[in-house]
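Taking it in order: structure first as C-alpha cells, then the write-up.
Every number here is computed from the coordinates shown, using simple stated rules; none is lab data. The model shown is predicted, which means the values in this text are computed figures rather than measured ones. Here the Cβ positions follow ideal geometry from the backbone for every residue, glycine too, while neighbour counts run over all protein chains shown.
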Amino acid sequence: MDPIVEVVALVLGFVGWVMLGVCLPNRYWRTSTVDGNVITTSTIYENLWMSCATDSTGVHNCREFPSLLALSGYIQASRALMITAIVLGTFGLFAALIGVQCSKAGGENYVLKGRIAGTAGVFFILQGVCTMVAVSWYAFNITQDFFDPFYPGIRYEIGEALYIGWCSAVLAIAGGSCLTCSCKIGTEEKYPLPYQGRGTVYSGVAPTRSVAASTYGRNAYV
C-alpha cells in the first residue's frame with residue numbers, strides 16, 4: 001500500500017472525527033422561526049441535549065431536557081449512536097497512528113502494521129455508519145413532521161449540525177475504506193532463502209578427455 005494513501009486516509013479519518021466532535025454539542029440540529037412583530041419574533045433551535053429560544057433582541061434562553069426516558073425514541077438512539085461513533089473514532093485514530101507505514105510505532109513488522117491499519121479502517125467505517133444513521137434518522141423525523149398536515153407541534157427545519165454530521169460520516173467512511181485496503185492479512189514476510197544447488201557433488205580426479213568420450217558413447221547408445 002502506498003504510504004501517501006495511508007496518510008491521506010489518516011487525515012480524512014481525523015478530520016471526520018473532529019467534525020463529529022463539532023456536530024455533537026452543536027445547538028442547531030433543528031431550527032424553527034416564529035414570526036411576529038419586532039419583539040415577539042423568535043427562533044427556536046434544539047439538539048440532542050437541550051432546547052433554546054432567541055428573540056429579535058438577541059436574548060436567548062436554553063433548558064436541558066428534563067428526563068431521558070421522556071424523550072422520543074429516535075433522540076435516545078441518536079445520542080447512543082453519536083457517543084458510540086466518537087468512541088469508535090478514537091480507537092480508530094490511535095490504531096491508525098500505529099498502523100501506517102510512516103509511523104515508527106509498532107516496529108518494522110509491516111504485516112502486523114498492515115493488520116492494525118486495517119482494523120483502524122474498520123473503526124473509522126463503523127464511526128461513519130453510526131454517524132450517518134443517527135443524523136439521517138434525526139433528519140427523517142424533522143421532514144416527516146414538517147410535511148405532515150396534521151402535525152400540531154412546531155415545524156422544525158434541518159439545522160447546520162446535521163450537514164456537519166453528514167460530512168463527517170462521508171469523510172470517516174472514505175478514510176476507513178482506504179485504510180482497510182492496506183490490510184495485509186494472510187501475507188507472510190519474505191526472507192531470502194539460502195541457495196541450494198541441484199544434483200550431488202562428488203569429489204575426485206577429473207577424467208581425461210578420452211575416457212570421458214568413451215563413457216559418453218556407451219551411455220548414449222546402450
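How many percent of the alpha carbon pairs in the range 116-181 exceed a separation of 17 Å? Before the final figure, lay out the partial values.
On the way: 1070 of 2145 pairs.
That tail contains 50 percent of the Cα-Cα pairs.
Order the peptides 158-168, 72-82, 119-129 from the highest to the lowest mean number of other Cβ atoms within 10 Å of their residues. Working shown, then result.
On the way: 158-168: 19.7, 72-82: 15.8, 119-129: 24.7.
Highest mean packing first, the order is 119-129, 158-168, 72-82.
Step by step: find N for the range 52-147, compute 2.2 N^0.38 Å, then divide the Cα radius of gyration by it. What's the final number? Working shown, then result.
Working: Rg = 20.0 Å, N = 96, 2.2 N^0.38 = 12.5 Å.
Its radius of gyration relative to the 2.2 N^0.38 Å reference: 1.60.
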